[in-house]
Structures are given as C-alpha cells and as structure tokens.
Amino acid sequence: MRFWLTFLAALVSTTAVFADNQRVRDLDITVTLRPNGEARIHEVWDVDTGDEITEIYLVRENLDDISIRDFSVYDEGFNGGRPFDNVGEWDVDLSRRRKTGRCGIVHKGDGVELCWGVGEYGHHVYHASYLMTDAVKTLNDYDMLHLQLVSPGLSAPPQHVTVTVRTDEVLDTPLDTTNTRVWGFGFNGTSYFQEDGSVEFESAEPFQYMSSVIVLLRFDKGIFHSSSVKPVDFQEHLDQAMEGASFEPVYDVEDDDDDDGGLLQLLAQIFVIVVALLGGGKTGYSRTGHVSRWEKKKLLGVSPKEVSWWRDIPMDGDLIAADYALTRLGEDRKNNALASAEILRMIYNGYLDVQKDANGKVEITFAPSKHGKAPIDPIASDLWSMMLEASGSDRILQDKEFSSWSGKNRKRLYNWTEKMGKLGKEKFRGRGWMQSRGSKFTSDGQLETQHLLGFKKYLNDFTLSSQRETVEVHLWQEYLVYGALLGVAEKVAKQLKDIDPVLFEQTVGYDYGTFTNVLYSTNMLSRAITSANRAYVSSTFSGGGGSFGGFGGGTSFGGGGGFSGGGFGGGGR
C-alpha cells in the first residue's frame with residue numbers, strides 16, 4: 001500500500017510540474033488510407049514547450065510487419081514553415097540548440113521513436129508526418145485498421161484531441177455505415193461518420209495521464225488490397241478489443257447560456273421541431289466536427305483570416321450546398337442550422353404561416369395559399385411533409401404533436417438527415433465546385449466557400465457599413481435565413497432591429513421584445529428532445545449505448561486490446 005501511495009504521489013507531482021512548464025493545447029491527427037493499406041499520418045501539435053525540454057518524441061512500438069518511413073516535421077513559426085532537416089538516426093543527448101530545426105528516428109528493438117527539436121521555448125505549432133506501411137490488415141471476412149495513435153503516459157496530456165480517418169482521393173470510396181464500422185478506446189469522447197466520407201474521433205474532456213486514442217475500424221472487402229494478412233475473423237479480434245470496454249450513450253446538449261438577446265420568436269418554435277429532427281438523425285452529419293486550421297486552409301485555398309467581406313447572397317442562395325460547405329469547414333453552429341433556415345424560407349415563400357393562440361403562444365400553420373403544395377427544394381419538401389403529418393387534422397403544428405410524431409418516425413428522420421449531406425455533395429459536384437473523384441474543392445468551389453465565410457463576416461458586422469440602408473433592406477429576410485444557417489441569426493436580428501425597429505417588425509412579423517422568454521422555455525424542451533432522440537439512436541444502432549455496434553457514438557476509456565503502434569510515454573523530454 002505504501003508503494004502505491006508513493007507512486008501516486010510521484011505521479012501527481014510529475015503532472016503538476018508539467019502543468020507549470022509544458023502544455024499541449026490541441027492535438028489533431030489525420031490518417032489517410034491508401035488502396036494498398038498504407039497510412040499517411042499527419043499530426044499537428046499545438047504546444048507550449050515550457051523551458052526544460054529539448055525535444056518532442058512520439059512512441060511507435062508493437063509494429064509487427066508495419067514499417068515507418070518518410071518522416072518529416074515543420075514548425076509553422078520557424079524558418080517560414082520549411083521542413084526540418086531529417087538527420088536519420090537521432091541522438092537524444094544533443095543540446096537544444098543542435099536539435100533545433102532537425103528531426104530523426106530512434107530505432108529500438110520493439111519499435112521507433114519519432115523525434116524533433118523544440119527550438120526556442122514558447123508556443124509552437126508543429127506538423128509531423130510519416131507513412132505507416134501495412135496499417136490495414138486483411139482478415140478472413142473483413143479488412144481492419146487497429147492503431148493506437150496517442151499513447152498513454154505522455155509528459156503533457158493534451159487538452160483536446162481529434163483523430164480523423166479517411167481514404168485517399170484515388171480510392172473515391174467514402175467511409176460510411178454501408179461499408180465501415182468504428183470503435184474508439186482509451187479516452188472519453190465520441191466517434192462519428194462525417195459527411196465528407198471520413199470518420200472522426202474527438203475527446204470530450206482534457207486527457208489524463210493514462211488516456212490514449214485507439215481506433216478500430218472494420219471495412220468491407222474490396223476497398224483495400226493490403227498484403228498484410230491475418231488469418232482470423234474480425235469477430236475474434238473485436239472480442240479481444242471489447243475486453244474491459246464500456247460504452248456510454250452520447251447526449252449532445254447545446255449550451256445556450258449566451259442566448260442573451262433572443263432570436264425571432266418564430267425561431268423558438270422552430271427549435272422544437274428541428275431539435276427533434278436532428279436529435280434522431282445521423283449523428284455524424286448533424287453535428288459540427290472539429291476541423292484544424294490547416295484543413296480549413298486546404299479547403300478554402302487561403303487562411304480563414306484572409307477571407308474578406310462578401311455582400312451578396314452566397315452560392316446563389318443554395319442552402320443545401322452552403323450547409324455542406326459549412327459542415328466540411330467545421331463551422332461552429334447549432335445542430336438545427338439547415339432546418340431552421342429552410343423553415344424560415346418556407347415561411348417567407350408562403351408555404352408556412354405563423355400565428356398566435358389565445359394565450360399568445362406561437363404556432364406554425366400550413367398556408368392555404370399554396371393549396372397543399374410542398375416546396376421544390378427536396379430537403380424543405382420532405383421537412384414540410386413531415387411537419388404536415390405531425391400537425392394533424394387542424395394543420396396547426398404544436399410542440400407536443402411534433403415531439404410525439406418524431407418518436408414514432410425516427411428511422412424516417414435518420415434517412416432525412418443523411419439525405420442532407422448526400423445532396424450537398426451532389427450539388428457541389430454538379431456545379432463543378434468539387435472534383436469528380438475524392439472530396440477536394442476545385443478553385444471555383446474554394447472561391448464560393450470563401451464568399452460564404454465572407455458573407456458570415458459581413459452579417460456579423462454589417463451595421464458598420466455606410467451603405468446598409470440602401471442595399472440591404474429588401475434582403476432582410478434572406479439575411480435572417482442565412483443567419484440561421486450560419487449560426488448568427490440572433491445577432492443579425494438584433495442588428496436589423498437596431499437599424500429600423502418598424503421595418504424589422506414589418507419584415508419579420510413580430511416585435512423583438514417577445515423573444516427571450518419564449519426562447520428560454522423552448523430551449524429547455526429542445527434539450528429534452530435532443531437527449532431522448534440521441535439516446536434512441538445510440539440504442540438502436542449501437543447495441544445499447546455508445547459505439548458498441550460500430551455505428552459511432554460514445555467511446556470507451558477501457559478496452560481496445562490487440563492494436564498495433566503506440567506504446568507508453570512520449571511528449572517532451
């Protein structure tokens with residue numbers, strides 16, 4: 001007992017020393033799988049070095065038939081981002097000065113250490129890249145990737161970790177629930193299928209000393225052709241990984257503490273409908289995933305900071321294409337973004353009406369002027385039809401009606417949310433904004449996406465424009481629609497109200513002062529609906545909670561045995 005108390009005291013002491021001197025703010029890892037089973041791994045370490053270490057190293061052991069080559073490093077703030085000199089075999093005993101601008105590999109009996117010099121003490125963003133051969137394993141019935149990508153025992157447990165697994169562009173095979181199953185181990189967080197055909201694992205809390213990231217993916221035959229063969233069935237390997245695992249449901253509750261200004265009273269009602277929709281839908285698409293700065297720059301063709309204001313409605317007013325671009329960029333918005341925008345546009349186009357009951361409560365009704373015709377937009381049309389079914393014979397949609405209907409039609413809602421992403425990708429390709437193979441944006445697509453972000457900047461600050469009164473008034477409705485899509489609707493509404501309260505009320509149909517009380521109560525209801533529907537999706541598709549069935553969801557801190565790579569330790573020394 002005394003030994004363990006001494007050990008724990010030493011461990012706490014070590015962690016405390018690190019907290020004062022070193023910190024890993026963020027760790028972003030991208031694994032790109034090639035047809036032959038190789039994995040190109042790109043790691044971005046956002047680090048405060050402290051003033052005691054001379055290098056950073058990554059432990060890659062338990063490699064079996066895997067070899068590591070093409071190791072390179074660069075520092076965003078050093079030597080113009082040029083690659084470090086790769087010296088081959090690394091000498092850990094060199095001084096910090098002699099390690100600066102250099103990288104190399106320490107070969108050990110059971111693996112390697114990938115090392116580079118920290119350079120000047122302070123804040124750095126390092127990019128480390130290397131190739132792992134034979135990462136994908138060929139099994140009897142499936143193919144498999146099972147790697148530990150972040151080892152436990154790091155000198156500096158990261159505050160946030162994201163791991164993205166995708167296929168190389170030459171494969172043109174997105175990873176989704178039709179061909180892939182996923183499990184995450186070693187940390188508390190989530191795993192999700194993303195709309196761009198990748199799988200994302202993300203931490204939900206800062207790492208502890210023994211936290212790690214172990215990813216396990218099962219692939220249908222035909223995607224990869226790896227020469228690394230393991231003559232076992234996948235289930236045998238999965239059983240080993242599941243020993244000690246415990247998956248929990250994912251409850252994604254929005255933090256609405258910043259709702260101090262209130263949105264349109266109408267949006268409060270929309271929230272109830274949309275949260276129920278997206279709470280029961282495809283978790284991978286409806287959420288906004290973490291996207292690193294370098295990934296955003298790659299998508300846009302420029303740094304997001306370099307994007308200028310754009311005054312015109314972007315992407316020809318195509319909400320589905322715009323939503324796809326925002327999802328790819330990982331823009332910070334609420335899960336109801338596209339549906340909220342679609343409902344607002346349906347109201348402004350006359351497909352829906354808004355009225356108040358005798359107690360002043362907002363209700364959505366179906367406009368008789370359209371004679372029961374649904375909108376042309378396929379996403380809006382499906383949404384309109386579902387809302388109409390839920391409204392009952394009086395064609396007035398009330399909160400409890402849609403909540404009740406969504407509980408009985410969750411599979412339909414799931415298919416609807418999947419349809420969003422598929423249509424967005426089709427629209428991008430159809431307009432020539434994305435390459436016909438893979439998911440890379442063309443130059444035109446990059447420009448259109450820049451305009452979309454520029455429009456968001458404009459909406460955030462358009463009250464500063466001296467020409468606003470002559471240019472924007474007739475576009476106010478579209479500003480609110482795109483404000484909902486971009487996650488800034490409340491700010492847009494407040495700016496419009498400040499410019500001209502009378503015109504605001506004429507355009508919107510409601511006074512601004514009734515927003516906050518209604519929004520508070522409906523947000524509370526939205527949270528309950530979101531939690532209930534997410535729990536249902538987890539139990540339906542994941543065998544009872546997290547990602548147990550491989551469809552994504554929560555990860556398990558325990559389990560994950562049988563992986564390749566990884567080890568123990570690493571970080572600064």
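The values are calculated or read from the model by the stated rules, or taken from the named source; none is laboratory data. Fair warning: this is a prediction, and the values are worked out from it, not measured in the lab. So basically every Cβ, Gly included, is an ideal-geometry build from the backbone, and we count neighbours across all protein chains shown.
Within the stretch 428-444, the set of residues being part of a helix (DSSP H, G or I) and without any contact (Cβ under 8 Å) to a residue 60 or more places away in the chain comprises Arg429, Gly430, Asp444. For Thr442, state whether it is of a type in the set (Ser, Thr, Tyr) and in contact with a helix residue (DSSP H, G or I) (Cβ under 8 Å, 6 or more places away or on another chain). No; evaluated as a whole, the condition is false for this residue.
Filtered by the rule that a residue be part of a loop (DSSP other than H, G, I, E, B), in contact with a helix residue (DSSP H, G or I) (Cβ under 9 Å, 6 or more places away or on another chain) and β-branched (Val, Ile, Thr), the stretch 165-205 gives a lone residue, Thr177.
Scanning the stretch 418-459 for residues that are polar (S, T, N, Q) and at pLDDT 90 or above yields Thr442, Ser443, Gln446, Thr449, Gln450.
Give the stretch 332-350 a look and list any residue that's surrounded by fewer than 23 Cβ atoms within 10 Å (Cβ to Cβ) and at pLDDT 80 or above, or say none. Lay out the reasoning, then the answer.
Residues of the stretch 332-350 surrounded by fewer than 23 Cβ atoms within 10 Å (Cβ to Cβ): 332-334, 347-350.
Within the stretch 332-350, Asn349, Gly350 qualify.
Selection over the stretch 67-104 of residues that are outside any loop (DSSP other than H, G, I, E, B), over 12 Å from Glu55 (Cβ atoms) and within 35 Å of the chain's Cα centre (by Cα) gives a count of 12.
Evaluate the stretch 32-42: report whether one residue or more is among the aliphatic types (A, V, I, L, M), under 30 Å from Glu169 (Cβ atoms), more than 27 Å from the chain's Cα centre (by Cα) and modelled with pLDDT of 95 or more.
So the first thing to find is which residues in the stretch 32-42 are among the aliphatic types (A, V, I, L, M), and the list is 33, 39, 41.
Narrowing the set further to residues that are under 30 Å from Glu169 (Cβ atoms) leaves 33, 39, 41.
Then keep just the ones that are more than 27 Å from the chain's Cα centre (by Cα); that gives none.
Among the residues of the stretch 32-42, not one is among the aliphatic types (A, V, I, L, M), under 30 Å from Glu169 (Cβ atoms), more than 27 Å from the chain's Cα centre (by Cα) and modelled with pLDDT of 95 or more, which makes the answer no.
Between Glu89, Glu200, Glu113, Glu120, the distinction of being acidic (Asp, Glu) and under 30 Å from Lys440 (Cβ atoms) belongs to Glu200 only. Scanning the stretch 123-143 for residues that are crowded, with 20+ Cβ neighbours inside 10 Å, out of contact with any Phe, Trp or Tyr (no Cβ under 6 Å at 6 or more places or on another chain) and not in a loop (DSSP other than H, G, I, E, B) turns up Val125, Ala128, Met132, Lys137.
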